[in-house]
Structure formats: C-alpha cells, structure tokens
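Here the structure is laid out as structure tokens; the discussion comes afterwards.
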Amino acid sequence: MTDSNKMWGGRFAAGPDAIMEAINASIGFDQRLAAQDIEGSRAHAAMLAACDIITDSDAEAIREGLLTVLSEIEAGDFNFSTALEDIHMNVEARLKDLIGTPAGRLHTARSRNDQVAVDFRLWVRDQCDAAISGITALIAALLGQAERGADMVMPGFTHLQSAQPVTWGHHMMAYVEMLGRDRARFQDARTRMNESPLGAAALAGTSFPIDREMTAKALGFDRPMANSLDAVSDRDFALEYLSSATICAMHLSRLAEELVIWSSAQFRFVALSDRFSTGSSIMPQKKNPDAAELIRAKIGRILGAQVGLLTVMKGLPLTYSKDMQEDKEKVFDAADSLMLALAAMEGMMGDLKPNAKVLAEAAGAGFATATDLADWLVRTLNLPFREAHHVTGALVKKAEDKDADLADLSLAEMQEVNADITQDVFSVLTPQASVASRTSYGGTAPGQVHTQIARWRAKL
C-alpha cells in the first residue's frame with residue numbers, strides 16, 4: 001500500500017475515489033423510495049406535457065418506461081448501482097436504457113432536491129397511514145379485552161403499590177385513551193405534511209411555466225408548499241412522524257412492562273399465549289415474555305432515530321446540504337420497529353388471558369378499600385375528610401396489628417376508634433363494592449367502562 005493510501009485503511013485499497021463513492025452513495029437504503037420516486041416522476045411528466053414543456057409522445061414514453069422500471073424493481077430484477085448514487089439516478093439511467101432520448105427530458109424543471117423531498121414526504125405520509133391502521137387494530141383488541149373484563153376487579157397501583165380496586169376493563173381502556181391520542185398525533189402530522197415540494201426545483205423555483213397545483217393534486221397533496229427554500233430544506237415532517245412514533249412506542253413499552261410483570265410467577269395476573277412466549281434452553285419450566293420484552297426495547301431505536309435526525313438538522317443553513325442524506329435510514333428503521341411492535345402487541349392482547357381469581361384476590365390486598373372507608377365516614381358520619389383520613393389510618397393500623405384486612409375487623413373493634421361507626425360500613429369494604437361506587441365520569445365502575453367502550457366503538 002502506498003503512503004497516500006495508508007490513511008484510508010485496508011478496505012478501500014482503491015484510495016480516496018472508493019471512499020468518496022462509499023460515503024456519497026445512498027442507493028443501499030433509499031431504494032425503498034422507488035415506488036414513490038416513480039409516482040412523483042409520472043406526475044411530473046404528465047404535468048410537463050400538459051404545460052407544453054415536453055411533447056405528449058415523450059410523456060407517454062416516459063410513463064410506459066417508468067411502469068416497466070417499477071415492475072422490474074418489484075420483481076427483484078433491477079440492478080441497483082452504487083456508482084449512480086441514489087434511487088433517482090438509478091431509475092433515470094434505466095429509463096434511458098429503455099426509451100432513449102425522451103428519458104433526458106423527464107428532469108426538466110426539476111432538481112434532485114425537490115425530487116427527494118417529494119419522495120420522502122410521500123413515503124412518510126404512507127407510514128402515517130400504516131401507523132394509524134396499526135394503532136386502530138390494537139385499540140380494537142384492547143376494546144375486546146375491556147368488554148370481556150368490564151366488571152372483573154383487579155388492584156389499581158400507584159408507585160407499584162396496591163392503591164384502590166379498579167376493573168380490568170378500566171385498565172385496558174386507559175391504554176385505549178393513550179393510543180387514541182397517538183392515532184390523533186399521526187393524523188395531525190399527516191395533515192400538516194400533506195403539501196407538495198415538487199416544483200421547488202433546486203431551491204429557487206423554476207423559470208418553466210409549470211403547474212404545481214396539478215402535480216400536488218396528482219400525488220394526493222392538499223396544495224403545493226408556498227416557499228421553495230422551505231420545500232427543499234426542511235425535514236420537520238419526518239421529525240414529527242418520529243415524535244409521534246416515539247410517544248406511541250413509549251405507551252407500548254409501558255403496556256409491555258406490565259405484561260412482563262403480570263405474567264411472572266410472583267404476580268400470575270395474566271397468561272401469555274405460546275405464540276408470543278419462548279422457553280429456556282436450560283430451565284424447562286420457563287415461559288418467557290420475549291415479545292413483550294422486545295416491544296419494551298423498541299423505543300430505544302425509535303427515540304434514537306428522533307434524536308439522531310434532530311442532531312443532523314439542527315445546524316444546517318438553508319437550503320439543501322448533503323447532511324440530509326442521513327435522514328432516511330433513521331426513519332426507515334423507526335417505522336419498521338413501530339409497525340412490528342404494534343403488530344406484536346395486537347397479537348398479544350388478542351390472545352391474553354387475565355386470571356380473574358388471582359386479580360380479585362390481589363384487588364382486596366394491601367387495604368385497597370381504605371379510601372372507600374374514609375369516603376364512607378365523610379358521607380355517612382359527616383366527618384371532615386382530614387378527620388376521616390385519621391380514623392381510617394387508625395383502623396388500618398389495628399388491622400395490621402392483627403395481620404388482617406379492614407373487612408376482618410369486628411364492628412366493636414371499629415367502634416373503639418370511632419363510636420359512631422355502624423354495621424353499614426361493611427358494605428363498602430369489598431373490592432366489588434369499591435369499583436361499583438366509582439360512577440363519576442371516567443371512573444372504574446363497570447357502567448362507566450361500558451360507556452367508554454361504546455364511545456370508542458362509535459369513534460372507530
């Protein structure tokens with residue numbers, strides 16, 4: 001190796017030219033934009049012909065040639081070349097092989113800057129639609145769980161300590177609400193990104209008499225973007241997609257964490273199906289919640305993509321810089337991770353079997369009805385809440401000393417703390433009575449759960 005090549009290392013024996021080709025080429029990943037690239041080119045060619053910038057015959061040749069290129073790519077018969085750098089040049093070179101001179105007219109009034117911007121925007125828009133569909137399917141699975149367990153009592157937790165009884169249906173509906181907001185975030189992001197950058201050309205627009213409204217409409221956009229500099233230089237649509245994906249992945253991670261905990265031998269709240277569990281290579285008794293654990297981990301990749309792209313974009317002057325080539329791999333990986341996590345969680349929630357007996361036993365543990373007792377003291381004996389809180393605390397201490405629950409105390413023992421307590425107090429000391437009493441809007445009472453299920457079924 002010559003001295004001039006030593007600095008490049010053994011892999012690039014050909015020297016700086018090979019290094020430059022390797023760092024400059026994006027075809028290894030942006031070939032995923034092939035369908036969008038061809039869709040944008042077809043719309044652009046049709047517009048050029050309509051505006052008398054190219055002939056109808058050239059436009060027809062371009063249209064037919066692009067369809068052939070697309071069929072070759074979809075069939076796996078297309079030879080992608082790193083020497084041609086990116087998906088745009090690969091498609092154009094193959095088009096020239098197929099139709100000759102007319103291929104060279106396709107790029108009239110267009111730059112790779114607005115071309116990649118429209119390709120990527122179309123791809124991310126499709127991913128918003130995919131996420132909305134995946135979230136909707138998961139919500140449907142959660143609604144099924146909620147309906148089947150609307151009156152099934154379980155412990156509600158704060159600090160992972162037993163707090164108050166709730167219903168299984170109410171717990172499931174909490175995730176429905178979270179995912180509903182995730183769904184809305186993708187819908188909002190899609191609306192904002194639905195403007196076409198095509199026609200901005202390199203950065204300043206074009207002197208050709210193009211019709212940007214025509215291409216925007218052909219590609220399903222609401223309108224053309226209003227500033228050519230902005231059109232080619234920003235990636236906030238991708239960042240907003242990643243932000244929505246990160247929040248959604250966080251919600252999936254929280255649910256996955258609960259499934260990991262609940263399926264353990266120490267909790268036994270749920271049974272995961274064999275489809276979403278694995279065994280151990282050494283311990284035959286093990287049934288590991290691997291799918292849930294992997295979903296829990298996916299947010300690391302998705303959040304990493306968001307931080308990575310923000311970091312790439314934060315210092316770029318207007319307009320296009322080659323740094324922006326680093327936008328796609330992160331988004332591709334995040335989208336793949338999110339859709340896999342949504343599909344796996346939908347499958348798990350469809351198969352999940354809650355253990356009603358264990359859940360009911362746990363719902364009454366840890367003095368979970370203490371708040372109900374305090375509320376009864378306020379409602380029935382007209383005690384100030386702070387005094388009721390003190391009385392309840394004394395009764396909890398008495399039960400603890402006996403290694404018993406509140407419902408196990410006798411009326412006489414309760415009256416040692418407050419003489420006005422009556423037999424009626426025992427009506428509020430069961431988990432079933434506790435959840436039935438929580439009838440405020442959004443509460444855990446079975447009737448409220450059914451109301452929210454009906455609202456969501458209508459909404460979907």
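The values are calculated or read from the model by the stated rules, or taken from the named source; none is laboratory data. Owing to the predicted nature of the structure, the values given are computational and were not obtained by experimental measurement. Ideal geometry is used to build each Cβ from the backbone, glycine not excepted, and the neighbour counts take in all protein chains shown. Ligands, DNA and RNA are stripped out before the accessible areas are found, and what is left, the full protein with its side chains, is counted by its heavy atoms. Shrake-Rupley method; radii C 1.70, N 1.55, O 1.52, S 1.80 Å.
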(message) Going residue by residue through segment 268-278, is there one that turns out to be assigned to a strand (DSSP E or B) and open to solvent by 30 Å² or more (accessible area, probe 1.4 Å)?
(response) yes
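In this structure, does residue 144 turn out to be part of a helix (DSSP H, G or I) and either at positive phi or surrounded by fewer than 22 Cβ atoms within 10 Å (Cβ to Cβ) (or both)?
yes
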(message) Can you tell me which residue is surrounded by the most Cβ atoms within 10 Å (Cβ to Cβ) among those in segment 158-187 that are closer than 20 Å to residue 453 by Cα and small (Gly, Ala, Ser)?
(response) 169
(request) Would you check which residues across segment 238-262 are under 30 Å from residue 355 (Cβ atoms) and either among the β-branched types (Val, Ile, Thr) or open to solvent by 40 Å² or more (accessible area, probe 1.4 Å) (or both) and list them? (result) 250, 254, 257, 258, 260, 261
(message) I need every pair where a residue in segment 117-132 that is open to solvent by 10 Å² or more (accessible area, probe 1.4 Å) has its Cβ under 6 Å from the Cβ of a residue that is among the polar types (S, T, N, Q) and not in a helix (DSSP H, G or I), sequence separation at least 6 or different chains.
(response) none
(request) Please work out which residue is farthest from the chain's Cα centre (by Cα), limiting yourself to segment 42-80 and to residues that are surrounded by 13 or more Cβ atoms within 10 Å (Cβ to Cβ) and in a loop (DSSP other than H, G, I, E, B). (result) 55
(request) Determine which member of the set 198, 242, 252 is within 30 Å of residue 317 (Cα to Cα) and in a helix (DSSP H, G or I). (result) 242
(request) Quickly run through segment 135-155 and pick out the residues that are under 20 Å from the mean Cα position of the chain (by Cα) and of a type outside the set (Val, Ile, Thr). (result) 137, 138, 140, 141, 142, 143
(request) Give the residue that is surrounded by the most Cβ atoms within 10 Å (Cβ to Cβ), with candidates limited to residues of segment 417-431 that are of a type outside the set (S, T, N, Q) and not in a helix (DSSP H, G or I). (result) 421
(message) Can you list residue pairs whose Cβ atoms sit under 8 Å apart, with the first residue in segment 17-39 being assigned by the TED database to the domain that holds residue 76 and among the polar types (S, T, N, Q) and the second being in a helix (DSSP H, G or I) and open to solvent by 50 Å² or more (accessible area, probe 1.4 Å)? Count only pairs 6 or more apart in sequence or on different chains.
(response) 24/322; 36/126
(request) Working carefully through the options 324, 345, 339, 349, find the one that is more than 17 Å from the chain's Cα centre (by Cα) and closer than 30 Å to residue 238 by Cα. (result) 324
(message) Suppose we filter segment 188-200 for residues that are surrounded by fewer than 24 Cβ atoms within 10 Å (Cβ to Cβ) and among the hydrophobic types (A, V, I, L, M, F, W, C); how many remain?
(response) 1
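Between 440, 410, 434, which is surrounded by fewer than 16 Cβ atoms within 10 Å (Cβ to Cβ), at pLDDT 90 or above and under 15 Å from residue 166 (Cα atoms)? Write out each step before concluding.
Details: 410 fails: under 15 Å from residue 166 (Cα atoms); 434 fails: surrounded by fewer than 16 Cβ atoms within 10 Å (Cβ to Cβ).
Being surrounded by fewer than 16 Cβ atoms within 10 Å (Cβ to Cβ), at pLDDT 90 or above and under 15 Å from residue 166 (Cα atoms) holds for just one of 440, 410, 434, which is 440.
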(request) For residues that are β-branched (Val, Ile, Thr) and over 21 Å from residue 406 (Cβ atoms), scanning just segment 317-374, find the one that is most open to solvent (accessible area, probe 1.4 Å). (result) 319
